[in-house]
Amino acid sequence: MYPALTACGQIYKLAEMNTRQIRSLHLQEIVVAIPGGILEEHGSYLPSYTDGYADEAYGEVMVHLFGLKLVFLCCGTEEKFLSREARAEEGLTVHAGVGKHSQILFLRPDLVAPDYRQAQSLTTENFADHVKIARDTGWPGYFGAPGLRVLQWERRNLSAHHRS
């Protein structure tokens, strides 16, 4: 038989970690348990399970296919909550911009890296801009202006969902 071994260590929840935290792990010294579900990079400020937290909060009824979204998450939301200047800074955002950052700041503020306010804005006007930015080896994993916070955006979205 094998002798009993005592081990101690730190347990990290990968779902709660952002890309900077994941990169800093000493992989030779740890065991990684990866949760099932949605894991996707949303830049270095949001947890890797960002979409999963949103899915859980909205009762797991989110639809996110081309052009198919719940009404309160679509079509002109930015115009309702962002100033003209903020909309110009956010630009055409398709991934991890002010909306996603505001959403997770509302749902799980404890998991957002505190320096998100200093995030460089990556403003795009079209999909060609997205491709150009994303091909850069230093791309941080988001577009738009994650440093802007729009708390009322998520309050309204969650309220609208829970009324339906």
Residue order, fewest to most beta carbons within 10 Å, for His42, His26, His101: His26, His42, His101
Nearest-0.05 FRET efficiency for Ala88 and Ile22, computed from C-beta distance (R0 35 Å): 0.60
³J(HN,Hα), Karplus 6.51/-1.76/1.60, whole Hz, each residue of the range 110-127, x for Gly, Pro: 5, 9, 8, 4, x, 8, 4, 4, 8, 4, 5, 6, 10, 7, 10, 10, 7, 5
For Gly144, residues with placed amide H under 5 Å, excluding near neighbours: Leu122, Thr123, Thr124
Derived scalar couplings ³J(HN,Hα) [the range 85-93; Karplus, 6.51 cos²θ - 1.76 cosθ + 1.60; whole Hz; x for Gly, Pro]: 5, 5, 4, 5, 5, 5, x, 8, 9
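Readers should treat all values here as calculations from the given coordinates under stated rules, not as data from a laboratory. These numbers were taken from a predicted model, which means no experiment stands behind them. Cβ coordinates were reconstructed from backbone atoms using ideal geometry, including for glycine residues, and neighbour counts include every protein chain displayed.
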